[in-house]
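Novice: One structure is given below, represented as structure tokens, and several questions about it will come after.
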Amino acid sequence: MPKTTKSGAAKKDELPSTLRRSSAKAQRTFAKAHDAAAEQYGSEERAHRVAYAAVKHSYEKVGDRWEAKEEKGPSDRRAERGDLNNPLPSAEGVDANASKNHLLDVARRLDVRGRSTMTKSELVDAIKKYNRRAQRR
């Protein structure tokens, strides 16, 4: 099912909930990538994966929404490989390639407890855990 209108705007009722709470540009990115992939591959599941990959290239998941990254690029080692049968775990939208200071700032905004003593990988895991809880609400 197309995610964009004839004018190119995203159909909000067709978007995942986290994207409905995100900027219009993030919504358009997902919708246009989804529609192009659905047309090219003919698979709804693959189109969904492609659309999320496009969003993760420019946005990171913070709580229950997607926010623009300071620098565009892959969000984790799995995204860098881009293989469909990739065994590496996903960072679930957290920009794991960002600096530790950036991750600390995100954790501070989300009020993650114990963040000051965490390693970079622990910060990524804590932010992922917070994001999952926020999305369930």
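Novice: Identify the trypsin sites (Lys or Arg not before Pro) of the stretch 64-135 meeting these criteria: DSSP loop state and at most 14 other C-beta atoms within 10 Å of the C-beta.
Specialist: Lys72, Arg113
Novice: Heavy atoms only, probe 1.4 Å: what % of the accessible area of the chain goes to carbon and sulfur, would you let me know? The partial results should precede the final answer.
Specialist: Working: 3860 of 8230 Å².
Answer for the chain: carbon and sulfur cover 47 percent of the accessible area.
Novice: Convex hull volume of the Cα atoms in the chain, per residue, in Å³? Don't skip to the end; give the middle numbers.
Specialist: On the way: hull volume 15.0 nm³, N = 137.
Taking only Cα atoms, the chain has a hull volume of 110 Å³ per residue.
Novice: Using the heavy atoms of the protein chains and a 1.4 angstrom probe, tell me the accessible area per residue for the chain in square angstrom. Can you show the working numbers first?
Specialist: Details: 8230 Å² over 137 residues.
Value returned for the chain: 60 Å² of accessible area per residue.
Novice: Rounded to the nearest 0.05, what FRET efficiency do Lys25 and Ser116 have when you use their Cβ-Cβ distance and R0 = 22 Å? If you can, show how the numbers build up before the last one.
Specialist: Details: r = 33 Å, r/R0 = 1.50.
Taking R0 as 22 Å, the efficiency between Lys25 and Ser116 is 0.10.
Novice: Still on this structure: Rounded to the nearest 0.05, what FRET efficiency is calculated for Arg81 and Ala9 with R0 set to 30 Å and r the Cβ-Cβ distance? Spell out each step's value before the answer.
Specialist: Values: r = 33 Å, r/R0 = 1.09.
That gives a FRET efficiency of 0.35.
Novice: About its Cα centre, how strong a charge dipole does the stretch 23-123 have in debye, to the nearest 20, once Lys and Arg get +1 and Asp and Glu get -1 at the Cβ?
Specialist: In debye, rounded to 20, the stretch 23-123 gives about 260.
Novice: Relative to the compact globular guide of 2.2 N^0.38 Å, what is the alpha carbon radius of gyration of the stretch 33-106, as a ratio?
Specialist: Working: Rg = 13.0 Å, N = 74, 2.2 N^0.38 = 11.3 Å.
Compared with the compact-globule rule of thumb, the stretch 33-106 sits at 1.15.
Novice: Same structure again: Which entries of Lys11/Lys129; Lys56/Lys120; Lys61/Lys100; Lys32/Lys69; Lys3/Lys100 have Cα-Cα distances beyond 25 Å here? Let's see the in-between values first.
Specialist: Details: Lys11/Lys129 29 Å; Lys56/Lys120 19 Å; Lys61/Lys100 16 Å; Lys32/Lys69 19 Å; Lys3/Lys100 35 Å.
Flagged as over cut-off: Lys11/Lys129; Lys3/Lys100.
Novice: Mind checking the stretch 48-111 for GluC sites (Glu not before Pro) that DSSP puts in a loop (not H, G, I, E or B) and that have at most 16 other Cβ atoms within 10 Å? Intermediate results must be reported in sequence, preceding the final value.
Specialist: Values: sites: Glu60, Glu67, Glu70, Glu71, Glu80, Glu92; in loops: Glu70, Glu71, Glu92.
When the GluC sites (Glu not before Pro) of the stretch 48-111 are filtered for loop state and at most 16 Cβ neighbours within 10 Å, Glu70, Glu71 remain.
The values are calculated or read from the model by the stated rules, or taken from the named source; none is laboratory data. As the structure is a prediction and not an experimental result, all values here were calculated from the model. Note: ideal-geometry Cβ built from the backbone for every residue, glycine included; neighbour counts use all protein chains shown. These accessible areas exclude ligands, DNA and RNA; they are computed on the full protein's heavy atoms, side chains included. Shrake-Rupley method; radii C 1.70, N 1.55, O 1.52, S 1.80 Å.
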